[in-house]
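Worksheet: one structure, shown below.
Only the coordinates and a few stated rules stand behind these numbers; no lab work does. Keep in mind it's a predicted model, so treat the numbers as computed, not measured. Heads up, the Cβs are rebuilt from the backbone with ideal geometry, glycines too, and the neighbour counts pull from every protein chain shown.
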Amino acid sequence: MKDRVAFGTGLGTGCARFSLRAAAVGTALVLAAAILPHGAARGAAPDAVAVRLVDVAGLEAEIARHRGKVVVVDGWSTSCPPCVKEFPNLVALQARHGDRVACISISLDYEGIDAPEDLVAPVEKFLAKVGAGGIVNLLCTEEADTVYRKLDLVSVPAVWVYGPDGTLVRRFDEDDATKRLKRPFHYGDVGAEVEGLLAK
């Protein structure tokens, strides 16, 4: 599975996991308001945001569904300030490349408290704020710690880039940032990887 689906960080230094859900969502919305370009919500009505609940197998199926395109998967959480700060860059990447790229967000907000369904509304609220209706938005129904183990991931943010043949080309996460880049990664790195694949 590691060769096919492995999941992202200036991201780079990782994000501590905690359960202060209300504060985290509030912080996410404040940050979203601060970083969203002025006037982004003006003009034509943006695509409506919809969040689908999936497990890791469902995420893998979604990635496979976009075979033939470059696929970018962003693993994030509303409790992770670096994730929230960089998220609009995923939206911009989709807007820039259109149908040639499939951008997928997978929220790892579920921590085993209450039910995953209870997180849909606050996650959708953040996604609507950053205009994420043009990308595929998923919320994982498996507890975040379980997902981290399955994906051999220390923390979010994490970004995976897949080639049109469905092969994982690059995984941006804390480990990659430390060992390969020697610095936190950012969406400039992700964009360069995507551009390289599209140029082939």
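Couple of notes before you dig in:
- Taking a straight line from the alpha carbon of Lys200, these lysines sit under 18 Å away, with near neighbours fewer than eight places off in the same chain left out: Lys69.
- Annotation: the antiparallel percentage among DSSP beta bridges lying fully within the stretch 46-198 is about 40.
- Distant-in-sequence amide H partners of Leu139 (H built 1.01 Å from N, under 5 Å): Arg52, Leu53, Val54, Ser107
- Across the stretch 160-171, computed HN-Hα scalar couplings (Karplus, 6.51 cos²θ - 1.76 cosθ + 1.60, θ = phi - 60°) run 10, 10, 10, x, x, 7, x, 7, 5, 9, 8, 10 Hz from first to last residue, x flagging Gly and Pro.
- For Thr167, Thr78, Thr178, order by how many other beta-carbon atoms lie within 10 Å, fewest first: Thr167, Thr178, Thr78
- For the stretch 117-134, 3J(HN,Hα) per residue [Karplus equation, 6.51 cos²θ - 1.76 cosθ + 1.60, θ = phi - 60°, Hz, x = Gly/Pro]: 4, 5, 8, 4, 4, x, 5, 4, 4, 5, 4, 5, 4, 9, x, 8, x, x
- Amide H to amide H, with H built 1.01 Å from N, Val70 comes under 5 Å of Ala102, counting only residues 5 or more places away or on other chains.
- Shape metrics for the stretch 83-200, restricted to C-alpha atoms - Rg then Dmax, Å: 14.8, 46
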